[in-house]
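Report on the following structure.
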């Protein structure tokens, strides 16, 4: 699959998509950094690269299960994607524990 994706012309002819999520932040009403008209107030991990096109979320009962799912997905997508960062979360504390699903 990854070999097929790598050979495809992935130009969408959609200038909004081609520009990346960051270029559309203001028009999507994302919160902006103080004093700017177009710079999104995103967490640092999502501010680069400038042409970020998507975010992949994976959830599971433990870190190993999440990693196994991510490895499977990135294996399928192969060189058609580039992982720029990984953020690991934790279960909810106290009375909310177990309500993650």
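Throughout, read-outs are computed from the coordinates displayed, never taken from laboratory work. In this text, all values refer to a predicted model and were calculated from it rather than measured experimentally.
Here are the numbers for the structure shown:
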{"item": "Gain in span if fully extended, residue 57 to residue 24, counting 0.36 nm per residue against the direct Cα distance", "result": "9.8 nm"}
{"item": "Gain in span if fully extended, residue 9 to residue 43, counting 0.36 nm per residue against the direct Cα distance", "result": "9.1 nm"}
{"item": "Whole-number percent relative contact order across region 2-91, with pairs defined as alpha carbons under 8 Å at least 6 apart", "result": "31 percent"}
{"item": "Gyration tensor (alpha-carbon) shape descriptor, region 2-91, a/c threshold 1.5", "result": "oblate"}
